[in-house]
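Inspection log for the structure reproduced underneath, given as C-alpha cells.
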Amino acid sequence: MTTIVPSLIIAESFPRGILPYLLGGILVGGGAAIIYLATGIIAGASTFLESTLSYVSDVERFNRFKYIRSRGWRVVFTAGIVSGAAVYGLVLDPGIWTTDVQWWRLLGGGFLVGIGTRLGKGCTSGHGVCGVGSFSITSIVNVATFLTVAIGTAQLVEALGVSP
Amino acid sequence: MSDTDRSPLFLPVIYIGGVIFGTGLAVSGMARPEIVLDFLQFNDFGLLFVMGGAAVVTGVTFTVATRFLDRAPLTDSEYTRRVKSFDRNVVIGGAIFGVGWGISGICPGATYASIGIGNIPILWAIAGMFVGAYAQGYWRGTRASESTAATAAND
C-alpha cells in the first residue's frame, strides 16, 4: 500500500511517463551542443523569423548585418529541425499527426509568440535551453515570466471552456 | 569571420545539429501543441524534463568549452556564454510570449518540428509568428527612426 500511493501520484503527474521527455530534452540539448562545440554558435530558433524576413523585406531592422550574415545557416538549421522531426514521423513513430487545436488559436498565439520572442530577445530554445544553460539572469527572468504567464493563460483558456 | 573563412563542414554540421535538435522536439512531444497545453494546464509535468534535460546538457557543454577548450574548430570563434543584456523588454516580451504560448501551445522551434511530423495546421502558427515578428520589427524600426530624429541619444 505504501508503495502504491506514491506510484499513483507519479502516474497521474506523468501520464505518458518520463522517458520520452528526458530523452527528447537530452537530444535537444545535444543538437545545440554539437553546433556550439563545432562552431561556437549558440543556436536559438526564433531569430530565424527576422533573419528570413531579411530575404523579402526592405525594413531596415531586418537587414542588419547580424541577420544578413546568419540567415543562411539559420535556414539550414531550421531545415535540420524539420528533417529531424520527419525522421521521428517516418521511422521512430510512423504516421502523420495533425493537431486539433483550432486555427485561430494557432494564428493568434503564433502572432503573440512572434512579437514576444523578438521583443524579449529569445524563446524556449534561446533563453530556456541555451540561456539557462549559460546561467544568464536575463534568461532565467525571461523563462520565469513566460512560464508563469503561459500557465495562467492556459488555465484561463481551459476555464473558459475553449477546447481543443 | 566571413563566409570564406568557414570550413566546408560548417553547414553540414549545422544541419546535423538541427536534425538532432528536431528529433528531440518530436520525441519529447513538444511538436504537439496538445502535449504542451497539457503541461501548462497541470495534466502532465513531463515537459519539465525536456527543458531541464536540455539545459543540463548545454550547461555542461558551455562550462567545459569556456573553461577548457580553445576555439571552435569550424569557425575559429571563441567559446562564449549566452548572456543578453537585461531591460524591461525582457519581461514585457516574455509576458507577451507567455500569453501566446498559453493560447496556442506553440513556440518557434517546436512549430518547425511540427511540420516534420506532418502537422499541416501548424502553418497557421508559423504564419502568425512571421506576421508578429514583422509587426514588431516594423514598429520598432519606425519608432527608432522617430526617436533618432527627436533625440539621438535616447534609444
Is there a residue in the range B:57-72 that is modelled with pLDDT of 95 or more, touching a Phe, Trp or Tyr at 6+ places or on another chain (Cβ under 7 Å) and among the polar types (S, T, N, Q)?
yes
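Does the range A:53-66 hold any residues that are within 24 Å of the chain's Cα centre (by Cα), more than 7 Å from every other protein chain (Cβ to nearest Cβ) and open to solvent by 30 Å² or more (accessible area, probe 1.4 Å), and which are they? Can you show your working first?
First, the residues of the range A:53-66 that are within 24 Å of the chain's Cα centre (by Cα): A:53-55, A:61-62, A:66.
Okay, now just the ones that are also more than 7 Å from every other protein chain (Cβ to nearest Cβ), so A:54-55, A:66.
Within the range A:53-66, A:55, A:66 meet the criteria.
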Taking interchain pairs and intrachain pairs at least six residues apart, which have beta carbon atoms under 7 angstrom, with the first residue in the range B:104-121 and within 7 Å of chain A (Cβ to nearest Cβ) and over 13 Å from residue B:21 (Cβ atoms) and the second open to solvent by less than 10 Å² (accessible area, probe 1.4 Å) and of a type in the set (D, E, K, R)?
B:104/A:105
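Which is surrounded by fewer than 23 Cβ atoms within 10 Å (Cβ to Cβ) and modelled with pLDDT of 95 or more, of B:115, B:106?
Working: B:106 fails: surrounded by fewer than 23 Cβ atoms within 10 Å (Cβ to Cβ).
Selected residue: B:115, the only one of B:115, B:106 that is surrounded by fewer than 23 Cβ atoms within 10 Å (Cβ to Cβ) and modelled with pLDDT of 95 or more.
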Of the residues that make up the range B:130-153, is at least one touching a residue at least 40 places away in the same chain (Cβ under 8 Å) and surrounded by 14 or more Cβ atoms within 10 Å (Cβ to Cβ)?
no
If you check A:143, A:87, A:113, which single one turns out to be open to solvent by 10 Å² or more (accessible area, probe 1.4 Å), facing chain B (nearest Cβ under 7 Å) and touching a helix residue (DSSP H, G or I) at 6+ places or on another chain (Cβ under 7 Å)?
A:87
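Tell me, please, whether a residue that is assigned to a helix (DSSP H, G or I), in contact with an Asp or Glu (Cβ under 7 Å, 6 or more places away or on another chain) and within 7 Å of chain A (Cβ to nearest Cβ) can be found in the range B:86-93. Break it down stepwise before answering.
Our first condition is that a residue be assigned to a helix (DSSP H, G or I); within the range B:86-93, this holds for B:88-93.
Right, trim to in contact with an Asp or Glu (Cβ under 7 Å, 6 or more places away or on another chain) and you get none.
No, the range B:86-93 has no match at all.
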So, of the residues in the range A:8-47 that are more than 7 Å from chain B (Cβ to nearest Cβ) and farther than 18 Å from residue B:54 by Cα, which turns out to be farthest from the chain's Cα centre (by Cα)?
A:8
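Does residue A:95 count as assigned to a loop (DSSP other than H, G, I, E, B), more than 7 Å from chain B (Cβ to nearest Cβ) and surrounded by 24 or more Cβ atoms within 10 Å (Cβ to Cβ)?
On the way: assigned to a loop (DSSP other than H, G, I, E, B): yes; more than 7 Å from chain B (Cβ to nearest Cβ): yes; surrounded by 24 or more Cβ atoms within 10 Å (Cβ to Cβ): no.
Considered against the rule, which asks whether it is assigned to a loop (DSSP other than H, G, I, E, B), more than 7 Å from chain B (Cβ to nearest Cβ) and surrounded by 24 or more Cβ atoms within 10 Å (Cβ to Cβ), residue A:95 comes out as no.
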Pair list, Cβ < 8 Å and 6+ apart or interchain, from the range A:113-139 residues that are among the aromatic types (Phe, Trp, Tyr) to residues that are surrounded by fewer than 24 Cβ atoms within 10 Å (Cβ to Cβ) and part of a helix (DSSP H, G or I)
A:135/B:59
Given the criteria under 20 Å from residue A:113 (Cα atoms) and buried (at least 19 other Cβ atoms within 10 Å of the Cβ), does residue B:94 qualify?
yes
Residue ranges of helices (runs of 4 or more DSSP H) in the range A:4-69 with at least 2 members touching a residue at least 40 places away in the same chain (Cβ under 8 Å)
A:19-39, A:47-56
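The values are calculated or read from the model by the stated rules, or taken from the named source; none is laboratory data. What you see is a predicted model; the values in this text were computed from it and never measured. Positions of Cβ are backbone-derived with ideal geometry, glycine not excepted, and every protein chain shown enters the neighbour counts. Note: accessible area is taken over every heavy atom of the protein model, side chains too, but ligands, DNA and RNA are not part of it. Shrake-Rupley method; radii C 1.70, N 1.55, O 1.52, S 1.80 Å.
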